[in-house]
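Novice: Take this structure first; my questions come after.
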Amino acid sequence: MKIVVVGGGAAGFFGAIACAEACPQAQVTLLEAGKTLLAKVRISGGGRCNVTHSCFDPAALVQHYPRGGKALRGAFSRFQPQDTVAWYARHQVKLKTEADGRMFPVTDDSDTVVQCLLQTARRLGIEILTGAAVSSVVKQARGFRVTMVSGRERRCDRILLATGSSPQGWRIARSLGHKIISPVPSLFTFKIRDSRLENLAGVSVNPVHVRLKTADENGKVSTLEQMGPLLVTHWGVSGPAVLKLSAWGARALHTAQYRGQLLVNWLPYTSMEQVREILQTAKGEMARRAISTYNPVQIPQRLWQRLVDAAAVPAEKRWADLSKKELNHLTAHLTQDSYSIQGKGVFKDEFVTCGGVALKEVNFKTLESRCCPGLFFAGEVLDIDGITGGFNFQSAWTTAWLAGQAMGQRLSEDD
């Protein structure tokens, strides 16, 4: 019995391996369009590979998926981060947990994961072809005919589409009867040009509370909020708080042409009234000090000076001379700072999309198509995406393992 896996990324390799382990007699072939296998694995986590996240409760885990959480709930009860850790341990890759919950190989080198997957696939006899872009997949009376751009053909009994965010993968799925939810970017930074942030690249504040306001084509305003670290960049803002907003607001931001308002509370654990009192205390106790040089709140000094300037307080003004109006303006900038989003950037080299194969058309016990028996899906080809932190890899491991197991078991039963 023959299996073809389309896509040489994390989901493709994990699915091929799971199938070969479940059914050793299966002939598994993996087709990768490009010349590089596991490209996203190699660059993820700054080259360290953020394999998964140390969230071992499926009910809590699904909260990190803007799209697909409901469908993954049952899937995670069968293969979740604990199972990922155990799988890699069995294959001689030990993972470690960092303070924020992200899990990496102890080597801090993505090549450890890449070599594990490559060597395991080869040991299991999986045929791996690169430069093997697929142009079409046709359902036949028995199995499928897979035609490559080169003109070569492969016939198989089951096929796994693990093509990530490749438009060709979605075209193949559509040709086999599937609806594709329009893909748009997720996990990106915000472009902001504002004098308050100029030359502050590298300044970070942790935590901040951020609120995103966007308007749809009818002018209806929607609001999202997040808490976490924020990083000022050369082009605007990044950091986990911003990336989470971009994921949850992916469709709203796309509709708004990546324009909106970002409200930042630089002191989220201090109420506006408490901030006002802190400034009032500084006015009394540090009367002779210049306001711009004495910073009484927990934000970086360079940012403090920018906010003092934004509140129209002269740099040389002493605390004793701070007016009530100026104090109120400074309080507002510290707790309700507003910035105009003028576009999106990218998050390093990691590109995640929101959209893909409609989840209602897939059986999440097996990841088999409800439209086309024998067709399976895994990874980002599906309308699933997680926030940053190892969650996108985890959905890839989970869906690929379930798909591979189901294909292998079906083959065993057929024999």
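The values are calculated or read from the model by the stated rules, or taken from the named source; none is laboratory data. All values reported here derive from a predicted model rather than from experimental measurement. Note that we place each Cβ from the backbone using ideal geometry, even for glycine, and neighbour counts take in every protein chain shown.
Novice: Quick check on my filter: what residues within segment 43-80 are within 23 Å of residue 180 (Cβ to Cβ) and aromatic (Phe, Trp, Tyr)?
Specialist: 65
Novice: Still on this structure, I have one more. Can you name every one of the strands (runs of 3 or more DSSP E) wholly within segment 149-220 that holds 1 or more residues which are surrounded by fewer than 17 Cβ atoms within 10 Å (Cβ to Cβ) and polar (S, T, N, Q)? Give the steps one after another, and end with the answer.
Specialist: Numbers: elements: 153-156, 158-161, 180-186, 204-215.
Filter on segment 149-220 gives 180-186, 204-215.
Novice: Restricting to segment 355-401, name every residue that is of a type in the set (A, V, I, L, M), in a helix (DSSP H, G or I) and in contact with a Phe, Trp or Tyr (Cβ under 6 Å, 6 or more places away or on another chain).
Specialist: Taking segment 355-401 and keeping what is of a type in the set (A, V, I, L, M), we get 357-359, 362, 367, 375, 378, 381-382, 384, 387, 396, 400.
If we keep only those that are in a helix (DSSP H, G or I) as well, we get 359, 381, 396, 400.
Once the filter is applied, which keeps residues that are of a type in the set (A, V, I, L, M), in a helix (DSSP H, G or I) and in contact with a Phe, Trp or Tyr (Cβ under 6 Å, 6 or more places away or on another chain), segment 355-401 yields only 400.
Novice: Where in segment 9-122 are there helices (runs of 4 or more DSSP H), lying wholly inside it, with at least 2 residues that are of a type in the set (Phe, Trp, Tyr)?
Specialist: Details: elements: 10-22, 39-47, 58-61, 69-76, 81-90.
Once the helices (runs of 4 or more DSSP H) in segment 9-122 are filtered for at least 2 residues that are of a type in the set (Phe, Trp, Tyr), what remains is 10-22, 81-90.
Novice: Being in contact with a strand residue (DSSP E or B) (Cβ under 9 Å, 6 or more places away or on another chain) and surrounded by fewer than 19 Cβ atoms within 10 Å (Cβ to Cβ) narrows it down to one of 328, 295, 363, so name that one.
Specialist: Details: 328 fails: in contact with a strand residue (DSSP E or B) (Cβ under 9 Å, 6 or more places away or on another chain); 295 fails: in contact with a strand residue (DSSP E or B) (Cβ under 9 Å, 6 or more places away or on another chain).
Step by step, each of 328, 295, 363 is checked, and only 363 is in contact with a strand residue (DSSP E or B) (Cβ under 9 Å, 6 or more places away or on another chain) and surrounded by fewer than 19 Cβ atoms within 10 Å (Cβ to Cβ).
Novice: For segment 221-257, which positions are under 18 Å from the mean Cα position of the chain (by Cα) and assigned to a loop (DSSP other than H, G, I, E, B)?
Specialist: First pass over segment 221-257, keeping only residues under 18 Å from the mean Cα position of the chain (by Cα): 224-231, 237-254.
Of everything in segment 221-257, those that are under 18 Å from the mean Cα position of the chain (by Cα) and assigned to a loop (DSSP other than H, G, I, E, B) turn out to be 239, 249.
Novice: Do we find that residue 142 is more than 26 Å from residue 353 (Cα to Cα), more than 27 Å from the chain's Cα centre (by Cα), charged (D, E, K, R) and surrounded by 15 or more Cβ atoms within 10 Å (Cβ to Cβ) in this structure?
Specialist: Working: more than 26 Å from residue 353 (Cα to Cα): yes; more than 27 Å from the chain's Cα centre (by Cα): yes; charged (D, E, K, R): yes; surrounded by 15 or more Cβ atoms within 10 Å (Cβ to Cβ): no.
Answer is no for this residue.
Novice: Kindly provide the set of residues from segment 97-146 that are charged (D, E, K, R) and either touching a Gly at 6+ places or on another chain (Cβ under 6 Å) or not assigned by TED's automatic domain parsing to the domain that holds residue 392 (or both), ordered by number. First the steps, then the outcome.
Specialist: If we filter segment 97-146 for residues that are charged (D, E, K, R), which is where we start, we get 98, 100, 102, 108-109, 111, 122-123, 127, 139, 142, 145.
Passing the criteria: only 102.
Novice: Just one of 209, 178 is more than 30 Å from residue 308 (Cα to Cα) and either at pLDDT 95 or above or touching a Lys or Arg at 6+ places or on another chain (Cβ under 6 Å) (or both); which is it?
Specialist: On the way: 209 fails: more than 30 Å from residue 308 (Cα to Cα).
None of the other options fit; the residue is 178.
Novice: Tell me, please, whether a residue that is over 26 Å from residue 231 (Cα atoms) and in the same structural domain as residue 25 (by TED's automatic domain parsing) can be found in segment 342-356. Quick ask: steps written out before the conclusion?
Specialist: First, the residues of segment 342-356 that are over 26 Å from residue 231 (Cα atoms): 355-356.
Cutting the leftovers down to in the same structural domain as residue 25 (by TED's automatic domain parsing) gives us 355-356.
Yes; the residues of segment 342-356 include at least one that is over 26 Å from residue 231 (Cα atoms) and in the same structural domain as residue 25 (by TED's automatic domain parsing).
Novice: When residues of segment 64-89 are filtered for being exposed (fewer than 14 other Cβ atoms within 10 Å of the Cβ) and farther than 22 Å from residue 112 by Cα, how many remain?
Specialist: Total meeting the criteria: 3.
Novice: Consider segment 47-63. How many of its residues are surrounded by fewer than 19 Cβ atoms within 10 Å (Cβ to Cβ) and within 14 Å of the chain's Cα centre (by Cα)?
Specialist: Of the residues in segment 47-63, 1 are surrounded by fewer than 19 Cβ atoms within 10 Å (Cβ to Cβ) and within 14 Å of the chain's Cα centre (by Cα).
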